[in-house]
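> Below is the structure I would like to discuss, written out as structure tokens.
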Amino acid sequence: MQIGKASIKFEEPPVIESMASIVGKKEGEGPLGKLFDVVEQDDMFGADTWEQAESALQKQTADLAIEKGDIRKKDIRYLFAGDLLGQLIATSFGTVDLEIPLFGLYGACSTMGEALNLGAMTVAAGYADKIIAMASSHFATAEKQFRFPLAYGNQRPFSATWTVTGCGAVVVSKHKSEGIAAITGITTGRMVDMGSKDSMNMGAAMAPAAFHTIEQNFEDFGVDESYYDKIITGDLGEIGRTILLDFMKNKDHLLEEIHTDCGIEIYDQETQDTHAGGSGCGCSAATLCSYILPKIKDGTWKRVLFVPTGALLSTVSFNEGQPIPGIAHAVMLEHIG
């Protein structure tokens, strides 16, 4: 099943059998608004703090994915989940009532890709019949931790992205002939650091990692961009996308016609004033579960390379003047039938 330097090709591909997406009010006003399962008008989600709100968001999304698949909670062996907060408090506090064994993950905004990589390997190897892969983010918790208090009202540069308030969850099961999409392969990314230090331009920090992972996928599987109907990155935004396309063009790969980015799709740049686009763990996770997977299920896209991207900075590393390394994990998703 190992192929190339960093990839796995599944002989019996695991299947995504259920999915759910819940987002906040702003995301519901965007182009994908009608596609989300739930658009919550109260960004507090009935909680007392922003962090508790994100925990509630995770719990609701996991419950909905289980309910939509008509799955018994006790049949889910593991939960692979994460968020952007220190010590993963949105995940650890939010999933305690699920009573499912947890692998808490931190890959910054690439976390949904990491969860799918690890979950698919676990299922394919026979260590679980069913797992949940899930990731969330919340605009207010991310701003509070990484940038400025909301009440400060600071001006955001045009290179900045807007952290998505949202969560996406999928149930991955062992190989079978029906489901939403098959996970036929994965390419696990490595750290890429080109010296970017601007936390308000994370697209520039993550684009090199996306480039490396896509190139590695092409090399390991002996394919090129023509193999896919779509290549969809996580949250590079407009600036990161431009950099990625330039890098790929320098390697004679023309992605303009088949590439899009979750951070670009989730907001309307003309009317929603999000500058470079969307970001956050919930960006790629919610977009996957509302926009990408339905198009694979109905056959609009037969084969998609899903590549969530992450900027691995912390408040400590940023304040110490350290650069921002990036990472990206690729998941090969295919139509069943």
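Bear in mind these aren't lab numbers, they're just calculated from the coordinates by the rules spelled out. Bear in mind that the values here come from a model prediction, so they are computed numbers and not experimental data. Using ideal geometry, Cβ is built from the backbone for each residue, glycine included, and neighbour counts are taken over all protein chains shown.
> Determine Rg/Rh for the range 2-173; Rg is computed over alpha-carbon atoms and Rh is the Kirkwood hydrodynamic estimate from the same atoms.
0.99
> Another one. Just grab the label-to-label distance for Asp252 and Asp63, each label 7 Å out from Cα along the Cβ direction, in nm (one decimal).
Each label point lies 7 Å from its Cα, and together they span 5.5 nm.
> In a GNM of the chain with a 10 Å cut-off on Cα contacts, which of Ala285, Ala207, Ala142 has the highest mean-square fluctuation?
Ala142
> Under 12 Å from the Cβ of Leu35, count the other residues' Cβ atoms, weight Lys and Arg +1, Asp and Glu -1, and hand me the total.
-1
> Related question: With the contact rule set at Cα under 8 Å and sequence spacing of 6 or more, what percent relative contact order holds for the range 181-334?
Computed over the range 181-334, the figure is 38 percent.
> Right, something else. Roughly how many debye, to the nearest 20, is the charge dipole of the chain about its Cα centre, given +1 on each Lys and Arg Cβ, -1 on each Asp and Glu Cβ, and no other charges?
For this selection, approximately 540 debye.
> Give the long-range amide H neighbours of Leu236: residues separated by 5 or more places, or on another chain, with amide H under 5 Å away, using H modelled in the peptide plane at 1.01 Å from N.
Cys262, Gly263
> Round to the nearest 0.05 the FRET efficiency obtained for Gln41 and Lys295 when R0 = 25 Å and r is the Cβ-Cβ distance.
0.40
> Further question on the same structure: Using Cα pairs under 8 angstrom and six or more residues apart, how large is the relative contact order of the chain, in percent?
Relative CO of the chain lands at 25 percent.
> Taking only Cα atoms and a 10 Å spring cutoff, compute GNM fluctuations for the chain and point out the largest among Thr122, Thr49, Thr187.
For the chain, modelled as a Gaussian network with Cα springs under 10 Å, the answer is Thr49.
> Order by neighbour count: Tyr267, Tyr227, Tyr78, fewest other Cβ atoms within 10 Å first, most last.
Starting with the residue having the fewest Cβ neighbours, the order is Tyr227, Tyr78, Tyr267.
> Step by step: find N for the chain, compute 2.2 N^0.38 Å, then divide the Cα radius of gyration by it. What's the final number?
Dividing the Cα Rg of the chain by 2.2 N^0.38 Å gives 0.90.
> Just to confirm a number: summing +1 for Lys and Arg and -1 for Asp and Glu over residues other than His329 whose beta-carbon lies under 11 angstrom from that of His329, what do you get?
0
> Which of Phe45, Phe306 has the fewest other C-beta atoms within 10 Å, and how do the rest follow up to the most?
In increasing order of surrounding Cβ atoms, one gets Phe45, Phe306.
> Computed over the Cα atoms of the range 39-81, what is the ratio Rg over Rh, Rh following Kirkwood?
1.06
> Quick one: which residues, 5+ away or cross-chain, put their amide H under 5 Å from the amide H of Thr163? H built at 1.01 Å from N.
Under 5 Å from the amide H of Thr163 lie the amide H atoms of Ser279, each far enough along the sequence or on another chain.
> Let me check against my output: what whole-number percent is the relative contact order of the range 2-173, with C-alpha pairs under 8 Å and at least 6 apart?
For the range 2-173, the relative contact order is 30 percent.
> Calculate the translational D of the range 181-334 in whole µm² s⁻¹ from Stokes-Einstein, where the hydrodynamic radius comes from the Kirkwood formula applied to all Cα pairs, the temperature is 25 °C and the viscosity 0.890 mPa s.
It diffuses with D of about 158 µm²/s by this estimate.
> Next question, about the same structure. Only residues of the range 220-251 count here: report those whose backbone N is under 16 Å from the spot 7 Å along Cα→Cβ of Asp198, or say none.
236-244
> While we're looking at this one, here's another question. Sorting His329, His275 on the 10 Å Cβ count, fewest up front, what's the list?
Sorted ascending by nearby Cβ count, the order is His275, His329.
> Between Thr260 and Glu11, what is 0.36 nm times their sequence separation minus the Cα-Cα distance? Round to one decimal in nm.
86.8 nm
> Right, something else. Which FRET efficiency value, to the nearest 0.05, do you get for Arg72 and Ile3 by plugging their Cβ-Cβ distance into 1/(1 + (r/R0)^6) with R0 = 30 Å?
So, using R0 = 30 Å, E works out to roughly 0.30.
> Scanning the chain for trypsin sites (Lys or Arg not before Pro) in DSSP loops with at most 12 other Cβ atoms within 10 Å, what's the longest stretch left with none?
73-250
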